[in-house]
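Below: one structure, written as structure tokens.
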Amino acid sequence: MEPGNLITCVLALLFSTTESVSSAVCDVNIDPSRVVVRFGDPVTVNCSTTREDVLEAGWEASVSPVNEPNSKIAVWNVSSLTVWDAEPKCFINYMNEPRQCVEKLDLVIYKYPESVSLIAPEFMKIGVESNITCQVLDVAPARYLSVKLYKGDEQLGSRSFTHDSAVFPVNGNVPIPVTPTRADNGAEYTCVAELQLGPGGPKPNPEKRSPPLKIPVFYKPSLLSAAEENVEVREGGSIVLNCSADGNPAPTYEWKYPKADNVQEITKDGVSTVNITRASSSNARVYECHAKNTYGVAMKNITLTVKGRSHWIGIGVLSVAVITVIVLIYRQIKA
């Protein structure tokens, strides 16, 4: 064989080998490779190949399928995506093996929750565990949903649904246990449903909040001052004995002592008082205050001592009387 013919044969062999290798590869490029789209919004995705032996390219989908003969590019374009199970796949048919290549689009169709609300008991008891439930309605997809319960700015609990494969909108109830303290009475609770959609998704993550909810916490009364007190009053004087307690529901007050005409009870603005005027020895005793509600009683004892009039006062009065008499006698003598 002549040298020129030999070179021609080698080049032909190399060319055919290169073409065969390039044709034996599935070369399907989807751009963008991951699409996150809100239900009802438009979507456009390109599919292409670099192989030359193309017969046709297209998209298989339940909405807007595409078929492009003799084209290396196919565009899936939907003006308003309103189906949940579109499942678009790009396919390219070739003249050589492999004769068809298929690539599924990583498509996430999402929907904000229709509503987020709290289901809670009418009241809670201090130290007793109760469930506060986050209710999330009509949200998709569940696997990207995160539900969180907050007390003010403090997160109390959360739940994710990463193993839920549903693509259609779902409803969910997420109970979160709460054991309240006295300080939680009047606190605001809020539920937050967040879609953590990952790459290609909107930033910040879409979320929806429930209206805030206040749940009363009931507890027995506790005194706002010492449980035992000792007080004094001069005979003939006045004194006020105070009793106050914190409780929910607000406590009622009951005093226990022998009733007397110079003793009056007054309860106002959460404080109960016993007012004693013209105190006498008969008022000297222990006054019991009982602050109570449905959940318990707090008791306060106030011991009252009534002191007799000071002997110095008597001496002073006598001295004034003696001086007055002396002055009168002196004036009579001078007259």
Rounded to a whole number, what is D in µm²/s for segment 57-107 from Stokes-Einstein with the Kirkwood radius over alpha-carbon pairs (4 °C, 1.567 mPa s)?
-> 112
Once you charge only the Cβ atoms, +1 for Lys and Arg and -1 for Asp and Glu, what is the size of the charge dipole of segment 127-218 about its Cα centre, to the nearest 20 debye?
-> 80
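Could you rank the peptides 84-92, 63-71 by their average count of other C-beta atoms within 10 Å per residue, with the highest value first? Don't skip to the answer; put the middle values down first.
Numbers: 84-92: 19.3, 63-71: 14.0.
The densest-packed peptide leads the list: 84-92, 63-71.
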quick note, segment 125-253, DSSP beta bridge pairs, % antiparallel (nearest 5) is 95
With just the Cα atoms of the chain, tell me how far they stretch along each of the three principal axes, in Å, largest first.
-> 176, 41, 33
Between the Cα axis of helix 3-23 and the main Cα principal axis of the chain, the angle (0 to 90°, nearest 10) is 30
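For residue 271 and residue 228 in one chain, what is 0.36 nm times their gap in residues minus the Cα-Cα distance, to one decimal in nm?
13.8 nm
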Starting from the Cα of residue 50, step 7 Å along the direction of its Cβ; do the same at residue 179; then give the gap between the two resulting points in nm.
-> 6.3
Report, to the nearest whole %, how much of the accessible area of segment 52-159 belongs to carbon and sulfur atoms, 1.4 Å probe, protein only.
-> 44
When each of 268/300; 214/268; 111/208; 125/268 is checked by Cα-Cα distance, pairs over 23 Å = 214/268; 125/268
Kirkwood hydrodynamic radius of segment 167-223, from inverse mean 1/r over distinct Cα pairs, in Å = 14.9
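Based on the Kirkwood radius over alpha-carbon pairs, what is the Stokes-Einstein translational diffusion coefficient of segment 147-265 at 37 °C with 0.692 mPa s viscosity, in µm²/s?
The Stokes-Einstein estimate is 164 µm²/s.
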Cα gyration tensor of segment 211-293, axes a ≥ b ≥ c as square roots of the eigenvalues: rounded (a/c below 1.5), prolate (a/b > b/c) or oblate?
-> prolate
Can you give the % of DSSP beta bridges in the chain that are antiparallel, to the nearest 5?
-> 85
Which one of 277, 32, 198 is farthest out on the positive end of the charge dipole of the chain, using unit charges on Cβ (Lys, Arg +1; Asp, Glu -1) and the Cα centre as origin?
-> 277
Vicinal HN-Hα couplings computed from phi for segment 288-298 (Karplus, 6.51 cos²θ - 1.76 cosθ + 1.60; Hz; Gly/Pro x) | 9, 10, 10, 9, 9, 9, 4, 9, x, 9, 10
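The values are calculated or read from the model by the stated rules, or taken from the named source; none is laboratory data. Note that the structure is predicted; figures quoted are calculated from it, not measured. FYI the Cβ positions are ideal-geometry reconstructions off the backbone, even for glycines, and counts take in every protein chain you see. Heavy atoms of the whole protein, side chains included, go into the accessibility calculation; ligands, DNA and RNA do not. Shrake-Rupley method; radii C 1.70, N 1.55, O 1.52, S 1.80 Å.
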